[in-house]
Amino acid sequence: MRSARDAAAAQELRGGAGSAARCARSSLRARAARACPALVLGFAAASTLAVAAPACAQQREARAPREWAPNDPTRPRPPVVDPGRPLERDPAGRPPSDAIVLFGRGDLSRWTSNGEDAKWKVGDGWFEVVPGTGNLATRDSFGDVQLHLEWAAPSPPQGTGQDRGNSGVFFMGRYEVQILDSYMNETYADGQAAALYGQHPPLVNASRPPGEWQTYDIIFRRPRFDADGKLLSPAIVTVFHNGVLVHDHAEMLGPTAHATRRPYEPHADRLPLVLQDHGQPVRFRNIWVRDLERGEPRT
């Protein structure tokens, strides 16, 4: 039989445990909101956390770059989402008035291939990789930019993994956002469509089927170096894939590389954008860029 003192102690322990549990739940809600605001905002917190917490945990695990080797095939894949469809009346959209149109419905005059005229195939409002002809680079150079780009993987699909609809857009010729047919196509997480290749997987897989046009809207902030070449701040990238946020102010760990990590090296403040020839006939259209480091519109 318990004494009055024992009963009081037990009651105190139960009260303390309740407070600890409430504290833990409150902390969990705060951590979930910080780690995954896109999943928490717009819903009632109590109903959202039960659904969002597992997804957030999966995203945190998949996006911890220093805990995973580059291109690790065992890294968790991002969850799949349906990105919706563009408006039928204007599926390609229109560039802003201050944008530099890199490809509309015309030619590849703003692009070069190894210093010569671009050798990729031009069709009716699109152009396509000609495998083996090399990468394309813009004739203009850029630093901080907003980029809009539309692409389509070949249909019917051919190959698997990294050999299916592979290309990429390289900012400053160094920092890649991956292009890949990732619709029902398994590959390593940091190598799928919209990945910051070899570094950060996208938050979700927002891919459309091969043959359908897909969009990237990307804000790229270049790295900063001091006069001695020391890194002051890394490159920062925000990416929307088919209108879905897949990178939110993500830090690049250095230039893109395969199965390794390269350190930052000082380079010019403005360098060309590059589209990759990875041996597959990926198509592109409606590419424009806004120069975020120049106040005056350019044509």
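Summary table below
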quantity: Qualifying positions in the stretch 278-288 - under 20 Å from ILE218 (Cβ atoms) and outside any strand (DSSP E or B); calculated: HIS278, VAL282
quantity: Given (1) surrounded by fewer than 20 Cβ atoms within 10 Å (Cβ to Cβ); (2) touching a Ser or Thr at 6+ places or on another chain (Cβ under 8 Å); (3) of a type outside the set (A, V, I, L, M, F, W, C); (4) in contact (Cβ under 8 Å) with a residue 12 or more places away in the chain, index of the condition ARG224 fails; calculated: (4)
quantity: Residue under evaluation ALA268, criteria (1) loosely packed, with under 15 Cβ neighbours inside 10 Å; (2) at positive phi; (3) among the small types (Gly, Ala, Ser), criterion not met; calculated: (2)
quantity: Any hit, the stretch 149-169, residues being within 20 Å of GLU265 (Cα to Cα) and either in contact (Cβ under 8 Å) with a residue 60 or more places away in the chain or within 13 Å of the chain's Cα centre (by Cα) (or both); calculated: yes
quantity: Conditions (1) in a loop (DSSP other than H, G, I, E, B); (2) without any contact (Cβ under 8 Å) to a residue 12 or more places away in the chain: number failed by LEU232; calculated: (1)
quantity: Unmet criterion (only one of (1) under 20 Å from PRO70 (Cα atoms); (2) touching a Leu at 6+ places or on another chain (Cβ under 7 Å); (3) not hydrophobic (A, V, I, L, M, F, W, C)) for ASP226; calculated: (1)
quantity: Checking PHE127 against (1) out of contact with any Leu (no Cβ under 7 Å at 6 or more places or on another chain); (2) surrounded by 12 or more Cβ atoms within 10 Å (Cβ to Cβ), the condition it does not meet; calculated: (1)
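Yes/no per residue for (1) closer than 30 Å to GLU293 by Cα; (2) not in a strand (DSSP E or B):
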residue: GLY125; (1), (2): yes, yes
residue: VAL130; (1), (2): no, yes
residue: PRO156; (1), (2): no, yes
residue: GLY165; (1), (2): no, yes
residue: GLY168; (1), (2): yes, no
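Here, each number is a calculation from the coordinates, and none is a lab measurement. If you're wondering where the values come from, they're calculated on a predicted model, not measured in any experiment. In this analysis, Cβ positions are derived from the backbone assuming ideal geometry, glycine residues included, and neighbour counts consider all displayed protein chains.
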